[in-house]
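Below is one structure; the comments refer to it alone.
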Ligand SMILES: [Zn+2]
Ligand SMILES: [Zn+2]
């Protein structure tokens, strides 16, 4: 892994560690006292949660995506729009795939699951 860092003193693996006082990300050696400030936050990228704005953007993109299948068999419970995009996605904390629907009404974008 390219994000792996090694101690300059003893060449052991450095582990990411949070400096709570300075709110910095550090890499610290568990074998000696060596530590350094992380120059990138790559290691935490997967844990960053989307902001509400980003999430809304994704929903709009999904409703406008011409490659996704559309159905007129369902009706949006929010605005009663008779067409929705649907796709399968893994939902957090659940096994298997879940069917999601996104309302095609651009001013609605309501998302629900089967
Ligand atoms: Zn060390
Ligand atoms: Zn709707």
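The values are calculated or read from the model by the stated rules, or taken from the named source; none is laboratory data. Keep in mind that this is a model prediction, so the values were computed, not measured. All Cβ positions, even for glycine, are placed from backbone atoms using ideal geometry, and neighbour counts span all protein chains on display.
Inside segment 31-40, residues that are at pLDDT 85 or above and surrounded by 12 or more Cβ atoms within 10 Å (Cβ to Cβ) make up a count of 5. Just to be sure I understand, how many residues within segment 53-86 are surrounded by 12 or more Cβ atoms within 10 Å (Cβ to Cβ) and at pLDDT 85 or above? Result for segment 53-86: 13.
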